[in-house]
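Asks: The structure's right below; bear with me while I get my questions together.
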Amino acid sequence: MIRLPSPLIESLMTNPIDFTHLIDEIPLGVLILDTDRRVVFLNRAFEVLSGFSLTMAYGMKCYNILRGTACIANCPVLSMKNDNRSISCKSDMINLNRQRLPIRMTTASILDDQDHTKGFIETIEDIRLSQNIDWGKSAAYSFANIVGRCPQMEKIFQTLPVLAQSDASILITGETGTGKDLVAEAIHQTSGRESGPFIKINCGALPETLLESEIFGHQKGAFTGAVENKPGRFKLAHNGTIFLTEIGDLPRPLQVKLLTFLDDKIIYPLGSTKGFRANVRIIAATHRNLEQMVKQGSFRKDLLFRLNVARIHLPPLRERDGDIRLLIDHFFNYYKQQLDKKINGFSKNSLTILLNYNYEGNIRELKNIVEYAVNVSNNLMIEPHHLPSYLLDLPPSNEFRRAPIERHAMTQNPDPIPEGALFRNPTPLNTQEKWPAVQREMIIDALRKSNGKKNKAAELLGWGRSTLWRKIKLFKIDS
Amino acid sequence: MIHKITIPLYHEEVAPRFDLATEVLIILLSKGNIIEEKKTIVLPRPSADDLCHLLLAETINTLICGAIEEEYYQFLKWKKIDIYDSIAGKWSTAFSRWEKNKLNPGDLLSERTIEGTYV
């Protein structure tokens with residue numbers, strides 16, 4: 001008769017804690033092995049997954065219990081014997097019901113207080129659900145949270161899943177606000193490293209000295225104030241993805257250090273001679289023109305080539321035909337729900353303004369505009385005066401693009417601009433003209449129509465009498 | 001009458017997975033369970049389909065194996081092969097238990113130790 005252990009955790013809390021209860025609460029299958037790969041303990045989730053109880057498995061070799069492909073082909077525990085880093089891999093197992101289950105195994109060493117390996121812990125995650133998700137069905141015009149249906153974006157949506165499955169370094173370029181972060185996260189989420197960490201570092205956010213310690217970590221005593229060991233982002237991203245945003249702002253000395261890591265995959269924390277082999281996928285992003293920076297000598301050519309294994313260029317919003325309307329609706333629905341507002345949509349006037357705007361801040365700017373408008377509006381429709389005022393300061397000029405679809409829509413439904421509305425003058429104004437000039441013209445026009453009667457003019461403009469009087473003074477119309 | 005037994009191998013043990021075995025032991029027994037022939041076949045690559053094909057080509061009567069998928073289990077059953085699956089331990093132990101008619105599917109025959117001590 002096998003005598004099963006009933007382990008306790010001492011010294012963690014005042015009273016000893018029941019280890020069995022603790023480990024049974026973990027929703028992942030957990031196997032605890034000794035140094036000879038024999039099963040010491042397993043939890044309830046593993047029992048459900050494999051069909052083996054602790055009584056059956058106790059003291060058995062783990063490959064006879066887990067029965068995974070990785071156990072036979074490339075046992076992670078054996079790989080760990082020379083190297084203490086944890087290993088995560090996708091595999092499959094056949095349980096006692098003869099079912100083949102796709103799993104993700106993560107193996108780590110169990111160390112004693114002297115850092116000696118005393119065993120191994122394996123977590124087994126059933127990934128049947130995540131494998132059954134059909135991205136194509138669930139998101140016709142999107143990949144993860146990225147929305148768009150223009151040809152450029154469609155091409156990106158086709159490439160992203162392929163790139164996600166590979167382990168190649170990726171360089172994402174594009175103007176600010178085009179969704180570089182979102183793409184990087186989507187790649188991580190759809191890659192084999194999805195259960196690993198996704199660590200983001202903004203290379204432009206910290207000074208050089210801090211950045212080095214932040215990225216690569218430091219050893220206790222490496223410099224004044226280094227009172228304890230710091231693991232560094234690369235070590236934290238082990239078995240996951242590291243996202244280096246604004247890579248163009250990375251100082252040159254750190255470019256060399258990054259280059260060394262990309263070559264041998266070992267990181268050396270500041271002040272340490274002992275390296276750490278990090279299994280990390282690198283995604284870099286920048287809004288800068290790296291080729292030009294290479295020519296100018298501010299970015300290393302060899303680093304560019306190492307990062308530029310696969311490149312994704314995100315087009316600016318003004319080049320994405322038809323996507324502005326799609327994104328307006330997307331963000332409108334999102335914020336309407338978030339803020340619990342009863343708004344039906346945008347009025348024709350406000351839509352015209354939004355569709356003709358240049359969006360130098362790209363999707364981020366569009367998102368902010370929609371958020372502002374939904375917040376401000378108390379009507380059923382969002383009117384032009386609910387939009388941020390800077391949109392109204394800029395007249396529709398020749399430099400403003402208009403997507404073919406939107407242009408077509410506008411010719412089909414010529415905008416019936418009411419008298420007294422903001423855009424009374426259908427002729428394009430020159431770029432020098434600003435909102436005060438437009439207002440002045442509107443007031444003069446209204447006064448002319450009302451034969452100089454300020455009451456009637458104020459009515460035509462939709463303003464109060466005092467507002468009109470104040471503006472007449474301001475623009476010196478009465479003089 | 002000759003009885004043929006197959007045991008997919010992993011070193012000296014029954015292979016933990018039928019579909020991942022690259023070595024197969026075939027034992028030919030004559031009347032009275034006398035071993036007539038014992039041969040090991042090394043497969044070029046692990047494949048459950050190839051292994052099933054081999055079992056049928058060799059007209060195997062009994063299969064002693066580790067984990068096997070339901071699809072292959074049912075197929076081989078349908079082909080009238082007697083299957084003892086989920087067996088763990090040395091192939092010789094499994095075989096001698098089968099000879100004594102004491103082998104059951106799911107038998108875990110390995111020696112059990114924890115940190116070098118038998119349990």
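Asks: Run down B:117, B:62 and say which single residue is farther than 26 Å from residue A:101 by Cα and either within 14 Å of the chain's Cα centre (by Cα) or not polar (S, T, N, Q) (or both). Lay out the reasoning, then the answer.
Replies: Working: B:117 fails: either within 14 Å of the chain's Cα centre (by Cα) or not polar (S, T, N, Q) (or both).
Exactly one residue qualifies, and that residue is B:62.
Asks: Which of the residues spanning the stretch A:211-264 are at pLDDT below 85 and of a type in the set (Phe, Trp, Tyr)?
Replies: A:223
Asks: So, one more: Tell me, yes or no, whether the stretch B:64-72 has at least one residue that is of a type in the set (Phe, Trp, Tyr), within 9 Å of another protein chain (Cβ to nearest Cβ) and crowded, with 19+ Cβ neighbours inside 10 Å. Break it down into steps so the answer makes sense when it comes.
Replies: In the first step, residues of the stretch B:64-72 are kept if they are of a type in the set (Phe, Trp, Tyr); the result is B:72.
Okay, now just the ones that are also within 9 Å of another protein chain (Cβ to nearest Cβ), so B:72.
Keeping just the survivors that are crowded, with 19+ Cβ neighbours inside 10 Å gives B:72.
Among the residues of the stretch B:64-72, at least one is of a type in the set (Phe, Trp, Tyr), within 9 Å of another protein chain (Cβ to nearest Cβ) and crowded, with 19+ Cβ neighbours inside 10 Å, which makes the answer yes.
Asks: Okay, next question. Output the residues belonging to the stretch B:58-71 that are of a type outside the set (D, E, K, R) and farther than 19 Å from residue A:50 by Cβ. Walk me through it before giving the result.
Replies: As a first pass, look at the stretch B:58-71 and keep what is of a type outside the set (D, E, K, R): B:59-68.
Residues satisfying the conditions are B:59, B:60, B:61, B:62, B:63, B:64.
Asks: Anything in the stretch A:68-84 that is assigned to a loop (DSSP other than H, G, I, E, B) and at pLDDT 80 or above? List them, or say none.
Replies: First pass over the stretch A:68-84, keeping only residues assigned to a loop (DSSP other than H, G, I, E, B): A:74-75, A:81-84.
Listed by number, the residues that qualify are A:74, A:75.
Asks: Could I ask something else about it? So how many residues does the stretch A:13-48 have that are within 13 Å of another protein chain (Cβ to nearest Cβ) and either touching a residue at least 60 places away in the same chain (Cβ under 8 Å) or part of a loop (DSSP other than H, G, I, E, B) (or both)?
Replies: Residues that pass the stated criteria total 7.
Asks: I need the full set of residues from the stretch B:89-113 which are within 18 Å of residue A:59 (Cα to Cα), surrounded by 18 or more Cβ atoms within 10 Å (Cβ to Cβ) and either more than 12 Å from every other protein chain (Cβ to nearest Cβ) or among the β-branched types (Val, Ile, Thr) (or both), in order please.
Replies: B:93
Asks: Let me ask another. Would you mention how many residues in the stretch A:258-280 are free of Cβ contacts under 8 Å to residues at least 40 places away in the same chain and part of a loop (DSSP other than H, G, I, E, B)?
Replies: Looking only at that region, the number is 4.
Per-residue answers, yes or no, for (1) in a strand (DSSP E or B); (2) of a type in the set (A, V, I, L, M, F, W, C); (3) without any contact (Cβ under 8 Å) to a residue 24 or more places away in the chain:
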| residue | (1), (2), (3) |
| --- | --- |
| B:56 | no, yes, yes |
| B:72 | no, no, no |
| B:102 | no, no, yes |
| B:111 | no, no, yes |
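Asks: Has the stretch B:27-50 got at least one residue that is more than 14 Å from every other protein chain (Cβ to nearest Cβ), in contact with a strand residue (DSSP E or B) (Cβ under 6 Å, 6 or more places away or on another chain), closer than 22 Å to residue B:109 by Cα and surrounded by 15 or more Cβ atoms within 10 Å (Cβ to Cβ)?
Replies: Yes: the stretch B:27-50 contains one or more residues that are more than 14 Å from every other protein chain (Cβ to nearest Cβ), in contact with a strand residue (DSSP E or B) (Cβ under 6 Å, 6 or more places away or on another chain), closer than 22 Å to residue B:109 by Cα and surrounded by 15 or more Cβ atoms within 10 Å (Cβ to Cβ).
Asks: Do we have residue A:242 as within 30 Å of residue A:317 (Cα to Cα), surrounded by 16 or more Cβ atoms within 10 Å (Cβ to Cβ) and touching a Leu at 6+ places or on another chain (Cβ under 7 Å) here? Let's see the steps before the verdict.
Replies: On the way: within 30 Å of residue A:317 (Cα to Cα): yes; surrounded by 16 or more Cβ atoms within 10 Å (Cβ to Cβ): yes; touching a Leu at 6+ places or on another chain (Cβ under 7 Å): no.
When the stated conditions are applied, residue A:242 does not pass them.
Asks: Next question, about the same structure. Would you mind stating whether residue A:267 is crowded, with 18+ Cβ neighbours inside 10 Å, at pLDDT 85 or above, under 24 Å from the mean Cα position of the chain (by Cα) and not assigned by TED's automatic domain parsing to the domain that holds residue A:108? Show your work before the answer.
Replies: Working: crowded, with 18+ Cβ neighbours inside 10 Å: yes; at pLDDT 85 or above: yes; under 24 Å from the mean Cα position of the chain (by Cα): no; not assigned by TED's automatic domain parsing to the domain that holds residue A:108: yes.
It is false that residue A:267 is crowded, with 18+ Cβ neighbours inside 10 Å, at pLDDT 85 or above, under 24 Å from the mean Cα position of the chain (by Cα) and not assigned by TED's automatic domain parsing to the domain that holds residue A:108.
Asks: Among the candidates A:62, A:75, A:71, A:89, single out the residue that is under 28 Å from residue B:13 (Cα atoms), in contact with a Pro (Cβ under 9 Å, 6 or more places away or on another chain), more than 9 Å from chain B (Cβ to nearest Cβ) and surrounded by 13 or more Cβ atoms within 10 Å (Cβ to Cβ).
Replies: Values: A:62 fails: in contact with a Pro (Cβ under 9 Å, 6 or more places away or on another chain); A:75 fails: in contact with a Pro (Cβ under 9 Å, 6 or more places away or on another chain); A:71 fails: more than 9 Å from chain B (Cβ to nearest Cβ).
Matching residue, one of A:62, A:75, A:71, A:89: A:89.
Asks: In this structure, does residue A:100 turn out to be within 29 Å of residue A:237 (Cα to Cα) and either among the basic types (Lys, Arg) or in the same structural domain as residue A:265 (by TED's automatic domain parsing) (or both)?
Replies: Details: within 29 Å of residue A:237 (Cα to Cα): no; either among the basic types (Lys, Arg) or in the same structural domain as residue A:265 (by TED's automatic domain parsing) (or both): yes.
In short, no.
The values are calculated or read from the model by the stated rules, or taken from the named source; none is laboratory data. Here the structure is a predicted model, which is why all the values come from computation and not from measurement. Note that each Cβ is placed from the backbone with ideal geometry, even for glycine, and that neighbours are counted across all protein chains shown.
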